[in-house]
Amino acid sequence: MEIKAIRGFNDILPEEIGMWQFVERTAREVFEGFGFSEIRIPVLERTELFARGIGEATDIVEKEMYSFLDRSGHSLTLRPEATASMARAYLEHQLHAFDPVAKLYSIGPMFRYERPQKGRYRQFHQIDAEVFGVGNPMVDAEVILMLLHFLKKVGIGRLELQINSLGCRACRPRYREELKTFLMKRSFQLCEDCQRRLETNPLRIFDCKVETCQETIADAPKVTDFLCEECILHFNKVKEYLEMAGLDYILNPKMVRGLDYYTRTAFEVVSYQLGSQNAVTGGGRYDNLFQEIGGLDIPGIGFAIGMERLIALLSKDKKFIPHPSLFIAALNGEAQREAYRLANQLHLEGIRAELDYEGKSLKSQMRKADKLKARFVLILGEEELKKGRPILRNMEDKSQEEIPMENLLGILKDKILRD
Ligand SMILES: [Zn+2]
Ligand SMILES: [Zn+2]
């Protein structure tokens, strides 16, 4: 029987990869311009890291993690997100020893055991950017500016920035209690999941997609009405810095984010590019995460972009399929040796050149060149070789010219690299 890929695990094919490489390249350029450095973290970590870092009472930890016991009986988990691992690496390698501020990004696959559906995979990819070690609201605005700049650069239009503040350890518990009391009185309107969330993590009810839950929570108290003085000050500063950067925003007090470790600034970016509203990405501040996993009191802020979703939003007319610049159609043994030598030289010059390996007729080689959408074809038949003048055919305008054998490489390079 033919072996197929696991459900929810996707191949990214050569015809799609150009878009992925473009997005990754743009992320690297933009982020490094903002002073970020790449970090690569393992895909496998101890389960405890995510249980403590993400929070036990989250969907991710409760039912979506790929966890298993290894041969030594350790519980390991394929990373469902990158932030906890990046924070672990920061502590483990004492990246704070020289300078507490670390601006890091990482690109790679994440794993969640979700029901596979269109655009949602069990192995999916994220671009993560995090700043550790700064509580200053200036950084909140800087990270948001970088995110929006990146999205514009990859070509996502009609963006809307939504922001909220989730409070801190000092003020959120009071809000949580208030919210719980409010929802307790209406618990009969909540779905089964939310009835459970009422006990474990009532803030998560905001994220529930069930209509009755949405209706119930619509009139709930707002987190921003419960902020302590410091949180209000922080939030006001964030808004001020966003305005200084020329960014418009919308206050969305219902955006609370699913993860336990978020504090203060939370943000989401939506795009109206495809008509309807599409959540592109989100992130926020998490000043409690480090204490959850390591005991140090280090603030952090960042965001994660789902690459599959981002790529689905990108214009399909962006062409990233690489076509050969030149196809060398050669006929007999001697011409084929010449074609082989020439192709190697072009490859060493970084020019994408193709030739036929199967000894096909000149006609069928021309058909192949056409199919590959080669820009030029060099015809090296018996006649051309004898005369020492191969024919260069421009496949776009169908013009042809003879090229002297002596300076073949130079002329080809000149023509191919000219436009
Ligand atoms: Zn507070
Ligand atoms: Zn619900």
Test: residue in the stretch 203-220 that is in contact (Cβ under 8 Å) with a residue 24 or more places away in the chain, within 30 Å of Val139 (Cβ to Cβ) and polar (S, T, N, Q) = no
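Out of all the residues in the stretch 276-284, is one or more out of contact with any strand residue (DSSP E or B) (no Cβ under 8 Å at 6 or more places or on another chain) and of a type outside the set (D, E, K, R)?
Yes: one or more hits.
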remark   = Every listed condition ((1) surrounded by fewer than 20 Cβ atoms within 10 Å (Cβ to Cβ); (2) more than 16 Å from ligand 1 (Cβ to nearest atom)) holds for Arg169 save (2)
message = Please determine whether any residue of the stretch 330-338 is under 42 Å from the mean Cα position of the chain (by Cα) and over 30 Å from Ser271 (Cα atoms).
response = no
key: Enumeration of residues in the stretch 199-213 that are of a type outside the set (Val, Ile, Thr) and at pLDDT 90 or above   = Glu211, Cys213
message = For the stretch 172-198, give me each residue that is closer than 23 Å to Asp297 by Cα and more than 14 Å from ligand 1 (Cβ to nearest atom).
response = none
Every residue from the stretch 199-223 that is within 16 Å of ligand 1 (Cβ to nearest atom) and either within 30 Å of the chain's Cα centre (by Cα) or of a type in the set (Asp, Glu) (or both) = Leu203, Val223
query = For the stretch 202-229, which residues satisfy the criterion of being away from ligand 2 (no atom under 12 Å from the Cβ) and either hydroxyl-bearing (Ser, Thr, Tyr) or touching a Gly at 6+ places or on another chain (Cβ under 9 Å) (or both)?
reply = Leu203, Val223, Thr224, Phe226, Leu227, Cys228
ask   = Do we have any residue at all in the stretch 312-335 that's closer than 30 Å to Thr263 by Cβ and out of contact with any Phe, Trp or Tyr (no Cβ under 9 Å at 6 or more places or on another chain)?
value = yes
inquiry  = Quick check on the stretch 57-93: of everything there that is touching a residue at least 12 places away in the same chain (Cβ under 8 Å) and in a loop (DSSP other than H, G, I, E, B), which residue is nearest to Gly302 (Cα to Cα)?
reply    = Ala82
ask   = Here are some conditions: (1) touching a residue at least 24 places away in the same chain (Cβ under 8 Å); (2) more than 30 Å from His96 (Cβ to Cβ); (3) surrounded by 16 or more Cβ atoms within 10 Å (Cβ to Cβ). Ala343 meets all but one. Which one does it not meet?
value = (1)
message = Just to check your reading of the model, which residue among Asp297, Asp356 is touching a residue at least 12 places away in the same chain (Cβ under 8 Å) and acidic (Asp, Glu)?
response = Asp356
note = Note on the stretch 184-198: residues over 31 Å from the mean Cα position of the chain (by Cα) and in a helix (DSSP H, G or I) are Met184, Ser187, Phe188, Gln189, Glu192, Gln195, Arg196, Leu198
request  = Please name all residue pairs, on different chains or six or more residues apart, with Cβ atoms under 6 Å, provided the first residue is in the stretch 27-49 and is at pLDDT below 95 and the second residue is in a helix (DSSP H, G or I).
outcome  = Leu49/Ala84; Leu49/Arg88
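Yes or no, residue by residue, for (1) touching a helix residue (DSSP H, G or I) at 6+ places or on another chain (Cβ under 8 Å); (2) among the acidic types (Asp, Glu); (3) modelled with pLDDT of 90 or more; (4) under 20 Å from Pro322 (Cα atoms):
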position: Gly333; (1), (2), (3), (4): no, no, no, no
position: Arg341; (1), (2), (3), (4): no, no, yes, no
position: Gly350; (1), (2), (3), (4): no, no, yes, yes
position: Leu355; (1), (2), (3), (4): yes, no, yes, yes
position: Ser361; (1), (2), (3), (4): no, no, yes, no
position: Lys368; (1), (2), (3), (4): no, no, yes, yes
position: Ala374; (1), (2), (3), (4): no, no, yes, yes
position: Glu384; (1), (2), (3), (4): yes, yes, no, no
key: Count of the stretch 346-362 residues which are touching a strand residue (DSSP E or B) at 6+ places or on another chain (Cβ under 9 Å) and not in a loop (DSSP other than H, G, I, E, B)   = 6
remark   = All-but-one check, Lys360 against (1) crowded, with 16+ Cβ neighbours inside 10 Å; (2) within 15 Å of Ala329 (Cβ to Cβ); (3) basic (Lys, Arg), failing number (1)
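The values are calculated or read from the model by the stated rules, or taken from the named source; none is laboratory data. The shown structure was predicted, so the numbers you read here are calculated from the model rather than taken from an experiment. Note that each Cβ is placed from the backbone with ideal geometry, even for glycine, and that neighbours are counted across all protein chains shown.
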